[in-house]
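The structure under discussion appears below in the form of structure tokens.
The values are calculated or read from the model by the stated rules, or taken from the named source; none is laboratory data. Here the structure is a predicted model, which means the values were calculated and not measured. Virtual Cβ from ideal backbone geometry, glycine too; neighbours counted across all protein chains shown. Accessible surface is based on the protein model in full, side chains and every heavy atom, while ligands, DNA and RNA are left aside. Shrake-Rupley method; radii C 1.70, N 1.55, O 1.52, S 1.80 Å.
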Amino acid sequence: MEIIVLQHIKIEDPGYIKDLMIKDGVNLTTIELDEGEKIPNDLNKFDAMFCMGGPMDTWMEQEYPWLIEEKNKIKEFVVNLEKPYLGFCLGCQLLGEVIGGNVVRSKNPEIGMLNINFSDGKDNDTLFSQFPEKLTSLQWHSYEVQDLENSDVTLIASSPETKYQIFRYKNNAYGIQFHIEVKKTTVGEWGCVPEYKSALENQLGKGALEKFDTDSQIHMPSMNNYSRILYENFKKLIK
């Protein structure tokens, strides 16, 4: 199995799911976009694409010109080739934008261990039908996707602040706004990124990192379990 992973900062990789893929013997091609690495021209050789989070936003094309090419490649992979795609946080927003949605600043940022509520859209979904009606997962975002009301998009989960916490495009691409892929070291590592730390302290107050890390560890076994289910089901999309 050949999977391409688009990363926007080295410490934000597929996390626990990456560990599962390595254990499975998946051949991973990681493109570190923020370090100038280029997405291959031939995307057809890849069975699936993962697109991760990052400290930049989708509209920052002047500061990060590689975002333009990344959006084009995501559109080629998802819309033209109709191959399996899984995007987390920024990767969710990039998918939303390339299929016609808008990425806007959230009315209230979501940072912390917060609830996600599933809709009827999950009931027959390949990836999420086994998930409960509600779960608690790590959120760390100030922007979100809106305006995805079209027949190709299925809403799967929302939160009180964000409508499109999970959405599916046709039957091959998924955007997940939260971070179910995290593992034990994630919060501490992300807390070292100035943009992430600033957003965290603005939302939860100075010194919030330690409590956030503690809270995340409480829910880690559950998030890891759901990551495993997500990954096993995602493999069913790969032909």
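Values computed for the structure shown
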read-out	value
Every residue from region 168-196 that is within 30 Å of Leu155 (Cα to Cα) and open to solvent by 40 Å² or more (accessible area, probe 1.4 Å)	Lys170, Asn171, Lys183, Lys184, Glu195
Positions within region 148-167 being in contact (Cβ under 8 Å) with a residue 24 or more places away in the chain, out of contact with any His (no Cβ under 9 Å at 6 or more places or on another chain), surrounded by 13 or more Cβ atoms within 10 Å (Cβ to Cβ) and assigned to a loop (DSSP other than H, G, I, E, B), in sequence order	Leu148, Asp152, Ser159, Glu161, Tyr164, Gln165
Close pairs (9 angstrom Cβ cut-off, 6 or more residues apart or separate chains): surrounded by fewer than 15 Cβ atoms within 10 Å (Cβ to Cβ) in region 226-239, in a helix (DSSP H, G or I) anywhere	Arg228/Tyr16; Arg228/Ile17; Arg228/Leu20; Glu232/Leu20
Residue satisfying all of: in region 34-58; free of Cβ contacts under 8 Å to residues at least 40 places away in the same chain and touching a strand residue (DSSP E or B) at 6+ places or on another chain (Cβ under 6 Å); surrounded by the most Cβ atoms within 10 Å (Cβ to Cβ) among these	Ile39
Region 90-118, residues that are within 21 Å of Tyr231 (Cα to Cα), without any contact (Cβ under 8 Å) to a residue 60 or more places away in the chain and buried (at least 16 other Cβ atoms within 10 Å of the Cβ)	Leu94, Phe118
